[in-house]
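Accompanying notes for the structure given below.
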Amino acid sequence: MDDIQQLILDTYKEKPKHFTQILKRNTEVIKYIKLNVPKEISEFLEQIYYVVYQENALCINGNRKKLKTFSGYSFCGKAGFDQSKTEFEIMDEQGFLRIWDCGTRTWVLNCVEDTLLA
């Protein structure tokens, strides 16, 4: 483990409520973040988390996880569904059909065993 990573973890263990303020004042940590953290990670807490665990906020399904505390990212959201699509578009891709006029008519399916192909 790198010295900066150990410094971050030690600071978090000693002062869990104020560790970000302490680390923001440390010039070595700031330089390390600028050199090693991708530019798309803009929040300081996410930058520190990336330095220690090399994990970013993007989920496999394209959603963005939230990092509220240093203990880890939250849930990714519903897997496999594109957030930019409507419910109708997602269900249509899955093969579901909308059936209208339900409740006003009764539909009965008559299955005859003789018509089944062997």
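Please treat every number below as a calculation from the coordinates, not as lab data. Predicted model, so just to flag it, every value in this text is computed and none were measured. Reconstructed Cβ throughout: ideal geometry from the backbone, glycine too, with neighbour counts over all protein chains shown.
Compared with the direct C-alpha span, the chain from T106 to E55 gains 12.9 nm at full extension, assuming 0.36 nm per residue. Excluding same-chain neighbours fewer than eight residues apart, the lysines reachable from K31 by a Cα-Cα span under 21 Å are K39.
Using Cα pairs under 8 angstrom and six or more residues apart, how large is the relative contact order of region 3-93, in percent? Once divided by the residue count of region 3-93, the mean separation gives 17 percent. Label separation (K65 vs E14): 2.8 nm, computed from points 7 Å beyond Cα along the C-beta direction.
Here the Karplus relation 6.51 cos²θ - 1.76 cosθ + 1.60, evaluated at θ = phi - 60°, turns the backbone of region 15-20 into coupling constants of 10, x, 7, 10, 5, 5 Hz, with x for every Gly and Pro. All C-alpha to C-alpha distances of region 3-93, sorted into 5 Å bins beginning at zero, yield P(r) values of 2, 13, 22, 19, 15, 9, 7, 6, 3, 4, 1 percent in whole numbers. Any of K24/K68; K34/K68; K13/K34; K15/K68 with alpha carbons more than 20 Å apart? Name them for me. Over 20 Å apart, Cα to Cα: K34/K68; K13/K34.
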